[in-house]
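K.L.:
Quick one: structure below, then a few questions.
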Amino acid sequence: MSDKIFICRCEDLTQEEIEQAIDEGYTTLEELKCKLRLGMGPCQGRGCLLLARRLLCQKTGKSTAEITLPPSRPPFIPVSLGTLASDKDE
Amino acid sequence: MNEIDHKADVVIIGGGVNGCSLAYQLAKRDMKVVLCEKGHLCSGATGRCGAGIRQQWSTRENTELAIKSIQIFERLEKELGLDIGLRQGGYLVVVHDESEMSHAKRNVDMQKALGLDVSILTPDEIGDVVPILDVKGMHAVGATFCPTDGHVDPFKTTHAYAQAAISHGAQLHKFTKVVGIKKEKNRIDSVLTDRGKISADFVVNAAGAWSKQIAEMVGVKLPNKPFRKEILVTERVKPLFDAMVISFKDGIYFSQQEEGQVLGGIPIPHEKPGYLTAPTFDFLHHMAKTLARYAPPLKHVNVIRQWTGYYDVTLDARPIIGEVEGVKGFIQCNGFSGHGFMLSPMVTKILTEYMVDRKTPRILERLNLSRFKGKKIVREISVVG
Ligand SMILES: Cc1cc2nc3c(=O)[nH]c(=O)nc-3n(C[C@H](O)[C@H](O)[C@H](O)COP(=O)(O)OP(=O)(O)OC[C@H]3O[C@@H](n4cnc5c(N)ncnc54)[C@H](O)[C@@H]3O)c2cc1C
Ligand code: FES
């Protein structure tokens, strides 16, 4: 087994990669999202954003309240294009 | 946060692709640059866009700018030594009827005369380029195709410019909001931010959909209007097609990204200008319906996210660039109307050469703010989204 710790499973991001980006100055969750695609997978960050926030707090000394979570974006569960395309009265 | 310098040659307002590209080029020419961004880099349209790059336009200005911009994108990874995610899978523009076809032919002639590799496809040939398309469902009578159009990663590109700018000595200040601009007689004096004042010879307004407010700080009126634009992305699927598919008539655009997700948008019917951010179900429904009609196999693919951004729209759908008459040192770099990513390399090069070498190519005159004063406006009609 490798000793890599995965923080974002959808986008394959390890704790080390996230810590490195924080060291490079990407010090908000929004910026980590832009830089690494953190939280952009099918689960929309449900699995990783809170863990990443904890890393941010540890590295920057900020409190959890100071680190806002990116807005959650609809649809809140994946929906097929076919379903979305159907008319309401069909 | 690092200290802000209070004197610069150029202050750039806005940390999107245009602001960051300009910061890099000016710093490389030994100008002292300070960039102010109210949020994080890419927090405006840049971080929300499709980042498609296309050379098939109806006006000469946009075609010329786009061709030269793509040539710059092609060398950029090497120049910066950093990945920008460039992929050239082409753009397929669907043509729906005879009248559109006659426009398409005229555009293709003009584009070819400018040296572009572009051709007209028959309905049968459409399937050779993008097999999942339904020619009948799209009501297509043909298409135009340019193989060197494509896509760039907006985050990678902007971060790469930013990194290169910093290594050439530029100062980039995120979470720093510009709150005022001071004039001294008819010239720019300084920029006021929430972290102090910076005096400068040039101030560049690259604030995207907020450029109008920035210009008002010195009493300059821009005709730009913000329009909400929506966009969605699906889960990742196996590689299905390389080209970006667009239609000027339906306004739709969609492509498959490197990681496998399909990304695209379409205008919401009856959208009014303004800063509305909430994503709508109307968009999802309209987009899904049109997409399923264009590419039926995509019906089974799941949408995972939708979001919004703004187009900064001008009357002729062309950008406003260059110095404002009557306010020396105040440079516009905005009004990109939905295609500011793909034009950024050339626009920022022209502005750099203006500020450093005082070069004024004709295109700079043609895209100056003064073009809206009592002259006939030639509108770019090849727009989507
Ligand atoms: C949904 C969508 C899809 C698009 N698709 C494409 C496409 O396929 N191809 C293409 O070429 N273009 C596309 N565009 C257009 C493209 O995104 C923009 O034209 C381009 O990103 C503009 O970049 P910019 O740097 O000029 O502005 P922006 O990226 O908007 O940056 C302006 C920055 O200024 C900052 N700012 C504003 N006010 C202040 C202030 N007072 N102080 C400090 N900072 C301030 C903002 O926070 C912002 O970050 C699309 C746009 C949208 C919305
Ligand atoms: S775990 Fe990060 S997006 Fe799903």
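K.L.:
May I ask you to list the residues in segment B:260-277 that are more than 22 Å from the chain's Cα centre (by Cα) and at pLDDT 85 or above?
P.N.:
If the condition is that a residue be more than 22 Å from the chain's Cα centre (by Cα) and at pLDDT 85 or above, then B:G260 is the only one that fits.
K.L.:
Looking at segment A:12-25 only, could you name the residues that are crowded, with 21+ Cβ neighbours inside 10 Å and near ligand 2 (Cβ under 10 Å from one of its atoms)?
P.N.:
Of segment A:12-25, the ones crowded, with 21+ Cβ neighbours inside 10 Å are A:13, A:18.
The answer is A:L13, and nothing else.
K.L.:
Now a separate question. Would you list the helices (runs of 4 or more DSSP H) that sit entirely within chain A and hold 3 or more residues that are within 21 Å of B:V237 (Cβ to Cβ)?
P.N.:
Values: elements: A:15-23, A:29-36, A:49-60, A:81-85.
Because the criterion is at least 3 residues that are within 21 Å of B:V237 (Cβ to Cβ), the helices (runs of 4 or more DSSP H) in chain A that meet it are A:81-85.
K.L.:
Related question: Residue under question is B:L76, and the condition is that it be more than 23 Å from B:Q257 (Cβ to Cβ) and not assigned by TED's automatic domain parsing to the domain that holds B:D128; does it hold? Quick ask: steps written out before the conclusion?
P.N.:
Working: more than 23 Å from B:Q257 (Cβ to Cβ): no; not assigned by TED's automatic domain parsing to the domain that holds B:D128: yes.
In short, no.
K.L.:
Considering segment B:297-354 alone, what residues qualify as being more than 14 Å from chain A (Cβ to nearest Cβ) and either without any contact (Cβ under 8 Å) to a residue 12 or more places away in the chain or of a type in the set (F, W, Y) (or both)? Give the steps one after another, and end with the answer.
P.N.:
In the first step, residues of segment B:297-354 are kept if they are more than 14 Å from chain A (Cβ to nearest Cβ); the result is B:310-354.
Within segment B:297-354, B:Y310, B:Y311, B:F330, B:F336, B:F341, B:E353, B:Y354 meet the criteria.
K.L.:
Taking the options B:S255, B:S190, name whichever one is within 26 Å of B:G39 (Cα to Cα) and of a type in the set (S, T, N, Q). Quick ask: steps written out before the conclusion?
P.N.:
On the way: B:S255 fails: within 26 Å of B:G39 (Cα to Cα).
Within the list B:S255, B:S190, the selection yields B:S190.
K.L.:
If you don't mind, another one. Having 2 or more residues that are within 14 Å of chain A (Cβ to nearest Cβ), surrounded by fewer than 17 Cβ atoms within 10 Å (Cβ to Cβ) and over 25 Å from the mean Cα position of the chain (by Cα) is the bar; report the strands (runs of 3 or more DSSP E) wholly within segment B:110-225 that clear it.
P.N.:
Values: elements: B:119-121, B:142-146, B:171-173, B:178-184, B:187-193, B:196-205.
In segment B:110-225, no matching strands (runs of 3 or more DSSP E) lie anywhere.
K.L.:
Okay, next question. If you go through segment B:216-238 one residue at a time, how many are touching a helix residue (DSSP H, G or I) at 6+ places or on another chain (Cβ under 9 Å) and among the small types (G, A, S)?
P.N.:
So the answer is 0.
K.L.:
Return yes or no: is B:V95 more than 30 Å from B:L22 (Cα to Cα) and hydrophobic (A, V, I, L, M, F, W, C)?
P.N.:
Values: more than 30 Å from B:L22 (Cα to Cα): yes; hydrophobic (A, V, I, L, M, F, W, C): yes.
Criteria met by B:V95.
K.L.:
For segment B:9-67, give me the residue count where each residue is hydroxyl-bearing (S, T, Y) and more than 13 Å from ligand 1 (Cβ to nearest atom). Don't jump to the end; show me each part of the working.
P.N.:
Taking segment B:9-67 as the starting set, the residues that turn out to be hydroxyl-bearing (S, T, Y) are B:21, B:24, B:43, B:46, B:58-59, B:63.
When the remaining residues are screened for being more than 13 Å from ligand 1 (Cβ to nearest atom), the result is B:58-59, B:63.
Counting residues in segment B:9-67 that are hydroxyl-bearing (S, T, Y) and more than 13 Å from ligand 1 (Cβ to nearest atom) gives 3.
K.L.:
From B:T148, B:T144, B:T158, B:T122, grab the single residue that is over 22 Å from B:D242 (Cβ atoms) and β-branched (V, I, T). Explain how you work it out, then say what you get.
P.N.:
Working: B:T148 fails: over 22 Å from B:D242 (Cβ atoms); B:T144 fails: over 22 Å from B:D242 (Cβ atoms); B:T122 fails: over 22 Å from B:D242 (Cβ atoms).
On inspection, the qualifying residue turns out to be B:T158.
K.L.:
Which condition number in (1) touching a Lys or Arg at 6+ places or on another chain (Cβ under 7 Å); (2) within 14 Å of another protein chain (Cβ to nearest Cβ); (3) surrounded by fewer than 20 Cβ atoms within 10 Å (Cβ to Cβ) is the one that A:L81 fails?
P.N.:
(3)
K.L.:
Identify all residues within segment A:26-77 that are hydroxyl-bearing (S, T, Y), within 13 Å of chain B (Cβ to nearest Cβ) and exposed (fewer than 14 other Cβ atoms within 10 Å of the Cβ); write none if there are none.
P.N.:
Of the residues in segment A:26-77, the ones hydroxyl-bearing (S, T, Y) are A:26-28, A:60, A:63-64, A:68, A:72.
Now drop any that are not within 13 Å of chain B (Cβ to nearest Cβ), which leaves A:26-28, A:60, A:68, A:72.
Those that are hydroxyl-bearing (S, T, Y), within 13 Å of chain B (Cβ to nearest Cβ) and exposed (fewer than 14 other Cβ atoms within 10 Å of the Cβ): A:T60, A:T68, A:S72.
K.L.:
Sort out which residues of segment B:226-238 are within 16 Å of ligand 2 (Cβ to nearest atom), surrounded by fewer than 22 Cβ atoms within 10 Å (Cβ to Cβ) and at pLDDT 95 or above, and write them in order of number.
P.N.:
Once the filter is applied, which keeps residues that are within 16 Å of ligand 2 (Cβ to nearest atom), surrounded by fewer than 22 Cβ atoms within 10 Å (Cβ to Cβ) and at pLDDT 95 or above, segment B:226-238 yields only B:V233.
K.L.:
Then there's this: Can you find a residue that is at pLDDT below 95 and within 14 Å of ligand 2 (Cβ to nearest atom) anywhere in segment A:63-71? Spell out the reasoning first.
P.N.:
Here is the first cut: in segment A:63-71, the ones at pLDDT below 95 are A:63-71.
Still in the list and also within 14 Å of ligand 2 (Cβ to nearest atom): A:69-70.
The answer is yes, given that some residue of segment A:63-71 is at pLDDT below 95 and within 14 Å of ligand 2 (Cβ to nearest atom).
K.L.:
Is it true that some residue in segment B:278-295 is away from chain A (no Cβ under 14 Å), over 24 Å from B:G47 (Cα atoms) and at pLDDT 95 or above? Walk me through how you get there before you give the answer.
P.N.:
To start, the set of residues in segment B:278-295 that are away from chain A (no Cβ under 14 Å) comprises none.
Checked against the condition, which is being away from chain A (no Cβ under 14 Å), over 24 Å from B:G47 (Cα atoms) and at pLDDT 95 or above, segment B:278-295 yields no hits at all.
K.L.:
Which of (1) within 15 Å of ligand 2 (Cβ to nearest atom); (2) surrounded by 20 or more Cβ atoms within 10 Å (Cβ to Cβ); (3) not aliphatic (A, V, I, L, M) does A:F6 not meet, given it meets every other one?
P.N.:
It fails just one condition, (2).
K.L.:
Can you name the residue in segment A:26-54 that is in contact (Cβ under 8 Å) with a residue 40 or more places away in the chain and within 13 Å of ligand 2 (Cβ to nearest atom) and, of all such residues, is nearest to B:G15 (Cα to Cα)? Reasoning before the result, please.
P.N.:
The first filter runs over segment A:26-54 and keeps only residues in contact (Cβ under 8 Å) with a residue 40 or more places away in the chain, leaving A:28-30, A:48, A:51-52.
So of that shortlist, the ones also within 13 Å of ligand 2 (Cβ to nearest atom) come out as A:29, A:48, A:51-52.
Values: A:L29: 17, A:C48: 27, A:L51: 28, A:A52: 24 Å.
Here the answer is A:L29.
The values are calculated or read from the model by the stated rules, or taken from the named source; none is laboratory data. Model, not experiment: these values are computed from the prediction. As a convention, Cβ positions derive from the backbone with ideal geometry for all residues, glycine included, and neighbour counts pool all protein chains shown.
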